[in-house]
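Step one of this worksheet: look at the structure below.
Derivation of every value follows stated rules applied to the coordinates shown; laboratory data play no part. On a predicted model such as this, the values are computed, not experimentally measured, just so you know. Glycine also receives a Cβ, built like all others from the backbone with ideal geometry; neighbour counts cover every protein chain displayed.
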Amino acid sequence: MSLQQIIFLVVAAATVGSAIMVVASRHLIHAALWLVATLFSVAVIYTLLNAGFLAVVQVVIYIGAIAILFIFAVMLTRRDMRDTGPQHNRNWWLGALIGLVTFAGLFSVLFFSSAFNKTPAPLPAGYDAVSLLGDALVSPNAYVLPFEVASVLLLAALVGAVYVAFNRK
Amino acid sequence: MVPLTWYVVLSAALFSIGLFGVLSRRNAIAILLGVELMLNAVNVNLAAFWRYGSDLTKMTGQVFAIIVFAVAAAEVAVGLALVISVYRRHNTVIADEIDLLKW
Amino acid sequence: MTTETLLWLIPLPPLLAFFTIWLVTNRSKSLSHTVAVGAALLSWAGSMLVFVRALGVEHLGAHPFESAVNWLPTGDAWLKIGVRLDPLTTVTLFFVAWTVLMIFLYSVGYHNYGQPPGDHDRPGLPPHGATLAGRQVPSIEPMYSRFFAFIGLFAFGMYTLVVSDNLLTLFVGWEIMGLCSYLLIGFWYAKPSARDAAVKAFMTTRIGDVFMLLGIAFIYSATGSLSYGEIFREEVLHTLASVPTPIFGLSAAGLMGLLLFIGAVGKSAQFPLHVWLPDAMEGPTPVSAMIHAATMVSAGVYMTIRIFPLLSLDAATMSIVAFSGAFTALFAATIAVAQNDIKRVLAFSTISQLGYMMAALGIGAYVAAAFHLVTHAFFKALLFLGSGSVIHGMEHGVLHTGDHVDPQDMFNMGGLRRRMPITFWTFLIGGFALSGFPLITAGFWSKDEILADAFGHGHLAVFTTLAVAAFLTAFYTMRQITLTFLGPARTKAAEHAQETKWTMTTPLVVLAAFAIGYGWVGIPEHFPVLGPLSANWFHSFVGGTLAEHPEAVAFSVVPLLTSLAVALGGLLIGWLVYRNVRTAEHDRLQIPLLKNKWYIDEIYQVVFIRPSFWLAETLTSKWIDGALIDGVLHGIGRLTGRLGHTLRNYIDKPVINEFFGDGTAHVAQWFGRSLRPIQTGRVQNYMLLALLIFMLVGSVVFYVLLA
């Protein structure tokens, strides 16, 4: 087992562990914080994958915006739900079953197919992932359209969220 | 060298956990937490496939992951806005109690 | 105007009168009788003109006046109809015209024209008297115009029959007269007896008419024509005489003749189809005179005389005709002696005299039969009109005295000689003519000729029968005259009887003149003293109708003496017996058998009428129609009902309604109710369900279908 593999395993364990804590936590605020941990672990995964930009964006957007948003939402909806009572609904076992089955299915397909058994190609000299990414995002031959559409989507979401959550008192 | 399989299995695990969270948590916000987990699993998958692709000059995987970020953000924003709005109206965030479409 | 045109036109005025009265002048009594009598006068004038012209033609029989038109297209040829004036037609037209005119005139007075309408008179019943200045007087007939319309139609029928040159239009006229006899016998339709009599007359003559139609059809199919000129040709007759038929071994001619004769049996009321004539006295007296003396019954004899060439070809048919006639003559005469109603006597007398004519034809006495036909028409019409006059006088007496006796019963009369002289003398003349009073009455000459022919040609059975019948004829005639006119009046009504008006007595006088004088045109050549003075015009004229001029029979004293004996003897004995008879109880000849017409009517009732009714009411109506046919239909109806019920209760309701209809609904409801709980409204439940199913389907697809 090479060093990279060991690091990967540790980070993967952290990710999975925090993810389990997210869905199993008794207090909702704890779940949100465990989500932050999960997201951070995922950023580390990105780094391991030489996708540095993604790691940074993950931290900034997911943790910096989305997780904060979750915490705000939890705080704003705390009237009745004082972290008491069961956190899982009556059919949680069915959900667990489904999750298990899904994982088992995916695992059996993925682990035992030879297509995924490859090693990464070494990065070429002078490889600049960020500028390539930037080119890809704004080049008309590449993905400028989805990029623009995504921005429109964000605008729509922004407007929509404001409107939906608007307090009309 | 970490085989691609490991990353993909990790992604599958994250996805399954997220699925479990969506299906079994009572609080609506907790459900959205599960959704976020699932989206992250997808992103991991995409990034892994990009890195283990044959042509590293093609940034398709990363671009896709960026777009997913944007979508996840939008979705969380709107979703939480909805939860807050529902909380204001019905005074509860427990998904089981929001059953106006019950027969 | 040519004779042929006149012949076409002669039947028309009465027909036009019928339509005019029916459609236009119905309300006005005076207009109606004017139209009718005027029409009769026109036809009479036409007939007289034609008669005079015909007399001037040499050998009219060989060259008759004829005119025919194409009527019915039959394949290549046409059936022609037309008019024909040969000697037989001429003499027939003569008496028809005179008697019709006289009867029309008589009817004006008979129906009390000029009298006030009755107190309780209704259309349909005979008039019953009106009150005028406190006294009861005869009242006018309510259906006055209707009567004249009908006799107009009747006259049309008779004229058509006489002038026609073919059996088809003869039959048309025949049937029109049949219809009119029904209408006129049943003239007073509110009387049930009149209605029954009308139906009886029609039905009985119909039986004869069926056979006649068969005969006509036979003639047509055998010869291809119905015109006299065609069928009485030498070659045609010869062929018909030689062709045998399977019926009774008669030749074709004989069978045709027999069939047509049966028609005449019905129409001229010979035995056994005579039953309608006595009952037909229900009609008004002018009707009785017209139909049963002068015209309709004469039509039967006329037709038989017409087809004499056909009849004479077969000896068997001739025998049948002769014996039928002779028997009828005697049969009817025996009944007549026991009748009390003045018109019934005359009815049976008519039957008897027609039998004479048939007998004459049967023995081949063509001219004698025609002669008797003519003279009979005159004196019988006279007698009937006279009896009508008597009845009228009696009715006047009834109304005057309030003594309600039957004005038609002879035993209620008596002594009318003094009260109604004109009627008496004319009736006497008629009665003597009927009896055959020698020399001065027409009846003598015609009857004598028949007897002479019978004797001369050796038909002694017929001769004897006719002689006996002649005796009885004289007897009952004298009985009638004695009871009616002679002796003292037997009832108050008879005492106050009154002579009738000129419209009634004038025809009596005219007819009486003919009853006396007409005989003199037929005096046989070899008659002592008178014979050589007058050529037997009638014989030579009428005899010319036949292809072979019939020979006058050789003179013999035996028939002459016989006829003198029976006539005078009958009259004398009749007077002697009845001049002292006061009431019906004293009349020894009221034998029930004779009085009840030999119970023929009762026999017919049992043998024919009741079985027919049974057949209609029970067999056909009740059994076949009611039980069988209706039963089948009802059965089908019930079956269908039961089928419907079964289908409804066993298929429609349980299967289709409950199982399919309600069942589907229940199943759908069950599905809905079962699936309803899925709709919890909880998002997570929806997701769970979706994922579960996805997994299920996915595993099926992955592991089963793609294996």
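Before moving on, here are some points about what is shown:
- Restraint check, C:Lys267/C:Lys343; C:Lys29/C:Lys492; C:Lys29/C:Lys597; C:Lys29/C:Lys191; C:Lys191/C:Lys501; C:Lys267/C:Lys597, Cα-Cα greater than 29 Å: C:Lys29/C:Lys492; C:Lys29/C:Lys597
- Other protein chain Cβ atoms within 10 Å, averaged over every residue that makes up B:82-93: 5
- Nearby aspartates and glutamates by direct alpha-carbon distance to A:Lys118 (threshold 20 angstrom, same-chain neighbours under 8 apart not counted): B:Asp55
- Between helix C:366-401 and chain C there is an angle of about 80 degrees, using the helix long axis and the longest principal axis of the Cα atoms.
- The mean count of C-beta atoms from other chains within 10 Å of the C-beta of residues in A:99-108, rounded to a whole number, is 6.
- Exposure proxy order (Cβ contacts within 10 Å, fewest to most) of C:Asp652, C:Asp86, C:Asp587: C:Asp652, C:Asp587, C:Asp86
- Of A:Ala31, A:Ala136, A:Ala125, the one that fluctuates the most in a GNM where chain A has Cα springs shorter than 10 Å: A:Ala125
- Exposure proxy order (Cβ contacts within 10 Å, fewest to most) of C:Leu530, C:Leu214, C:Leu105: C:Leu530, C:Leu214, C:Leu105
- Across peptide A:146-152, the mean count of Cβ atoms from other chains lying within 10 Å of each residue's own Cβ comes to 3.
- Net charge over other residues, Cβ less than 14 angstrom from the Cβ of C:Arg195 (K, R count +1; D, E count -1): -1
- Region C:182-269: trypsin sites (Lys or Arg not before Pro) in DSSP coil with no more than 14 other Cβ atoms inside 10 Å: none
- Ranked C:Trp614, A:Trp92, criterion: other C-beta atoms within 10 Å, fewest first: C:Trp614, A:Trp92
- Helix C:12-23 axis, angle to chain C major axis (alpha carbon atoms, nearest 10°): 50 degrees
- Cα gyration tensor shape of chain A, rounded if a/c is under 1.5, else prolate or oblate by comparing a/b with b/c: oblate
- Convex hull projection area averaged over all views, the protein assembly as shown, Cα basis, nm²: 81.9 nm²
- The protein assembly as shown: calculated mean residue ellipticity at 222 nm from DSSP helix runs of at least 4, using -39500 (n - 2.57): -21000 deg cm²/dmol
- Cα centroid separation - region C:458-529 against region C:311-353, whole Å: 17 Å
- Shape call, region A:1-83: gyration tensor on alpha carbons, a/c limit 1.5: oblate
- Kirkwood Rh in Å, taken over region A:128-169 so that all alpha-carbon pairs contribute: 12.1 Å
- Across the alpha-carbon set of region C:551-663, the Rg to Rh ratio works out to 1.66, Rh being the Kirkwood radius.
- Span-rule helices in chain A, defined as complete DSSP H runs reaching 18 Å or more along the axis (Cα) with Kyte mean at least 0.0: A:3-24, A:28-48, A:92-111, A:144-165
- Total formal charge among the other residues, if their Cβ is under 11 angstrom from that of C:Gly544, Lys/Arg +1 and Asp/Glu -1: -3
- Gyration tensor (alpha-carbon) shape descriptor, region C:645-707, a/c threshold 1.5: oblate
- Taking Cα atoms only, the orientation of helix C:144-163 departs from the longest principal axis of chain C by about 80 degrees.
- Counting only lysines at least 8 places from C:Lys622 when in the same chain, those with an alpha carbon closer than 29 Å to its own are C:Lys200.
- Inter-centroid distance (Cα atoms) of region C:40-114 relative to region C:682-697, Å: 118 Å
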